Amino acid sequence: MATLEILKYPDARLKKKSVAVKKVTPELRQLAENMLETMYAAPGVGLAAVQVGELVRLLVIDTRPTDDDDQVVEEKMTELERKVKYPVVIFNPEIVVKDGATTYEEGCLSVPGFIEEVKRANYIEAQGLDIEGNPQTIKTDGLLAICLQHEMDHLEGKLFIDRISFVKSDRIKSKIKKHGYADNTSEDESQSAL
Ligand code: ZN
């Protein structure tokens with residue numbers, strides 16, 4: 001396994017639309033493994049392949065909350081979140097059902113150090129292929145539902161800063177253009193890095 005470089009806004013590749021995979025090949029499985037390693041090392045809770053420069057429709061996600069000893073805190077997860085197999089690896093994801101609305105203070109490994117409240121559907125059903133290439137359906141709410149929607153935006157070339165008000169988005173973009181990114185982000189911020 002290997003950690004990969006995470007592209008940061010305003011890298012032009014982040015604006016591109018990713019392409020569906022025809023078949024889950026050993027190379028794509030390896031990419032998924034490397035993305036997981038990269039995501040955990042960052043640390044973050046979700047990563048789309050485009051964020052490491054691969055324009056394929058692939059997401060890796062692990063939104064399970066952990067304590068100081070890296071133990072999963074199941075009580076902080078919703079009933080639906082607990083039923084999902086982790087880490088989530090999904091190729092060609094599609095949202096087939098959306099319901100309700102929720103907001104969350106989102107961050108992104110490609111826009112490190114910035115957090116803004118984004119509105120998303122509260123409940124979703126997503127379909128796609130798992131790491132073996134078998135069909136899978138994920139029915140969830142909570143942070144996993146938010147993260148899936150955030151990562152699927154990446155596949156369309158969209159960042160969370162494209163989903164907030166123009167004023168806020170513009171402020172973040174000009175700040176990055178002027179000052180770049182800070183060397184390290186706080187633990188609080190990495191918690192919401194999707
Ligand atoms: Zn992101």
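The values are calculated or read from the model by the stated rules, or taken from the named source; none is laboratory data. As the structure is a computational prediction, the values presented were derived from the model and not from experiment. Neighbour counts are summed over all protein chains in view; Cβ atoms, including those assigned to glycine, are modelled from backbone coordinates with ideal geometry. Heavy atoms of the whole protein, side chains included, go into the accessibility calculation; ligands, DNA and RNA do not. Shrake-Rupley method; radii C 1.70, N 1.55, O 1.52, S 1.80 Å.
Points worth noting:
- Residue within region 142-164 that is away from the ligand (no atom under 16 Å from the Cβ) and either farther than 25 Å from Tyr40 by Cα or part of a loop (DSSP other than H, G, I, E, B) (or both) present: no
- Residue check for Ile131: in contact (Cβ under 8 Å) with a residue 40 or more places away in the chain, within 16 Å of the ligand (Cβ to nearest atom) and either closer than 25 Å to Leu7 by Cα or within 15 Å of the chain's Cα centre (by Cα) (or both): no
- Long-range neighbours under 9 Å by Cβ, at least six apart or interchain, first residue among the acidic types (Asp, Glu) within region 46-59, second part of a loop (DSSP other than H, G, I, E, B): Glu54/Leu4; Glu54/Ser18
- Region 1-44, residues that are farther than 20 Å from Glu156 by Cβ, assigned to a loop (DSSP other than H, G, I, E, B) and open to solvent by 20 Å² or more (accessible area, probe 1.4 Å): Met1, Ala2, Thr3, Leu4, Glu5, Lys23, Thr25, Ala42, Pro43
- Selection of first residues in region 151-166 that are at positive phi and in contact (Cβ under 8 Å) with a residue 40 or more places away in the chain and of second residues that are of a type outside the set (Lys, Arg) and more than 8 Å from the ligand (Cβ to nearest atom), restricted to Cβ pairs under 7 Å at least 6 apart or on distinct chains, gives the following pairs, ordered by first then second residue: Gly157/Leu14.
- Unique match (being in contact with a Leu (Cβ under 8 Å, 6 or more places away or on another chain) and small (Gly, Ala, Ser)) among Ala48, Ala41, Ala2, Ala20: Ala48
- Conditions (1) closer than 30 Å to Lys178 by Cβ; (2) polar (S, T, N, Q); (3) crowded, with 18+ Cβ neighbours inside 10 Å; number of the one not met by Asn92: (1)
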